[in-house]
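Here, each number is a calculation from the coordinates, and none is a lab measurement. Fair warning: this is a prediction, and the values are worked out from it, not measured in the lab. Every residue, glycine as well, gets a Cβ built from its backbone with ideal geometry; the counts of neighbours run over all protein chains shown.
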Amino acid sequence: MSPSKSRSDVRKAAEQPIKPASVGGDCHDVPSWQPRTRLIVSLLIVFHLFAVFVAPMSNPPPSSQLFNRLSSLFSPYLQALFLNHGYRFFAPEPGPSHLVRYEIYSTETEQPGEFPEYNGIFPDRRKHWPRLIYHRWFMLSETVFAENSLIPSEEDFTGRIQQIEEDLQRLRNDGESGRADWLDAQLRRELELIEYSRKQQQRLLEAIAQHLLRVHEGRRIKLYLCERQLAPMIDVIQGKRLDDPLYFNSNFEFYLGSTLRDDSE
Amino acid sequence: MFKSYFSNLIESWNRFWFEQRDCFTLCVMRILVGLMLIYTHLVWSKELLTFFTDQGVLPSEYTLALHGNSWFGWSHFFWFDSPTVLWTIHGVALLVFVMFTLGLLTRVTGILSFLFIVSYANRAAGALFGLDQMNAYLTMYLALAPCGASWSLDSWIRRRRGLAAQPQISTWANVATRLLQVHLCIIYFFAGTGKLLGPAWWSGDAIWMSFASYDYQSIDMTWMVHYPLMMNAISLYTLFWEVSYAYLIWPKLTRPLMIGTAILVHAGIGLSMGMITFGYIMIVANFAFFGPQALRDLLGRLKLPTRMEMARI
């Protein structure tokens, strides 16, 4: 095949009118698109589908630096069209569920041996109906868990900072200032992320706490993050129920904090 | 040879994306998706001020920060705070979803529906799950297509006025269908490959772990504990099905198996794990792979009027 002939073949293929597909029902004579329209739409399709592909490649972790960078390029488009999803439904595997337990008090100051006026939990299948609303509350409690898990404990945090500072000092003493600067920048990014997560968690917990105080007309609230473990098969064979307190006890409970009702609004 | 390869490639690309397609499947999907949009947002009414205002559980400062304080994470809920205004807009949104479902001013209500879904989702980030993603994905592509061409008030009004019927085949219908199909393959591909990271999917215990979650449970499936090998088989088959969906949905030979499994898996998740809405919308998404004639035949068996009969009426 001569080069000129094959080039014209490519052009012909691009400009060929598209015949109607085998369709059911009555067909009208609709003109197919011009090559230029097809080219423009093709470019848009490639851009769009690449963006759709980039989103789950970069989120959630683990993800490559390459796709993290691409994701920030496509971020406005993905955000504007609500396409920034990982689609990892039930992945990597179904796990324990997380719930938020709360205690409402009518006094502002803590008394020894006090009992809460109201004990609640969300999600609560007796209270949250229809099921879709229950699921919204469930996702909220999982979000509280996710925000909380991003924040290291004070002990871990101090240990990590000390370790990095020692590494930095060692690198600078060895004259490896380039690597030291890189590590320093990493540390700053990490600290910023932890600070951001702390702020986000505070905002979320404060809003939840104030909402619950208003609903239950309390003065003070304590919030706890709870985990319900999955029952092992052997336990169920032996007659244990999934809602057995064994899988939902204080060993899996984490104190999130306490706050007073804000009447300023 | 290289050039002929490219000319074949361009021809195949054009055939795949730009042939004309009957809109019937998309018209049916419009109704099914529209019903879910109405339900999803009607349910939001119960907790509108709880999830969408600063007096609720998700302060705008928090959700804006989730979007990196970017303008692109937009929502009308960030602009208005008055409950009266929010309820009015909520009423308008519900009306738009109803109009879209009925196929009234479909081209406009399709786009408006999509914008409303995104607006609600961006504000309620933190209380979302797969259903919201699927609602947006389906509506976005349906809004591109002439999905009000049949089984719609638009077509009924045109007939009443003696106007020519809207063409039942269009290139946009094909572009929208192909986008729905390819995007669905991407969704399943990542849902499947994400599971490959989980040991429980390899050991075959994942199905038990789903049944053992009390907070998801809607039907007690713990009797399956006496059939561990069956649960292993279901876990492993679900994994293989999800990972291979993106490839095996295209050949005609394996397509019924892929769609049949999708219906079983999603119906199972919907019924036993309390996510009937998510199960439903995933099954509707699989309609993208139903040919218009196959869907007509199926509906014909259900004794529903076909488009030809509707036109005759």
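A few points about this structure:
- Residue check for B:R178: more than 10 Å from chain A (Cβ to nearest Cβ), within 23 Å of the chain's Cα centre (by Cα) and in contact (Cβ under 8 Å) with a residue 12 or more places away in the chain: no
- The one condition in (1) in a helix (DSSP H, G or I); (2) over 19 Å from B:S45 (Cα atoms) that B:P146 fails to fulfil: (1)
- Residues being of a type in the set (V, I, T), part of a helix (DSSP H, G or I) and either touching a Cys at 6+ places or on another chain (Cβ under 6 Å) or at the interface with chain A (Cβ under 10 Å from one of its Cβ atoms) (or both) - total across the stretch B:28-77: 4
- Of the residues screened, B:F189 is one that is within 10 Å of chain A (Cβ to nearest Cβ), part of a helix (DSSP H, G or I), under 18 Å from the mean Cα position of the chain (by Cα) and of a type in the set (F, W, Y).
- Looking only at the stretch B:17-27, residues that are in a helix (DSSP H, G or I), of a type outside the set (V, I, T) and at the interface with chain A (Cβ under 10 Å from one of its Cβ atoms) come to 3 in all.
- Pairs, first in a loop (DSSP other than H, G, I, E, B) in the stretch A:94-116, second among the acidic types (D, E), C-beta under 7 Å, six or more apart: A:P96/A:E227; A:S106/A:E117; A:P116/A:E103
- Top-ranked residue in the stretch A:220-248 [being in a loop (DSSP other than H, G, I, E, B) and within 26 Å of the chain's Cα centre (by Cα); ranked as nearest to A:E114 (Cα to Cα)]: A:F248
- Total residues in the stretch B:104-122, condition in contact with a helix residue (DSSP H, G or I) (Cβ under 8 Å, 6 or more places away or on another chain) and within 24 Å of B:G279 (Cα to Cα): 10
- The stretch A:75-98 - residue that is aliphatic (A, V, I, L, M) and facing chain B (nearest Cβ under 7 Å) and, of those, farthest from B:Y137 (Cα to Cα): A:A91
- Per-region count, the stretch A:34-74, residues free of Cβ contacts under 8 Å to residues at least 12 places away in the same chain, in a helix (DSSP H, G or I) and hydroxyl-bearing (S, T, Y): 3
- The condition of being touching a Pro at 6+ places or on another chain (Cβ under 9 Å), under 28 Å from B:F51 (Cβ atoms) and of a type outside the set (D, E, K, R) holds for only one of A:Y118, A:Y87, A:Y77, that being A:Y87.
- Among the residues here, B:N232 does not qualify as touching a helix residue (DSSP H, G or I) at 6+ places or on another chain (Cβ under 7 Å), in a helix (DSSP H, G or I) and away from chain A (no Cβ under 11 Å).
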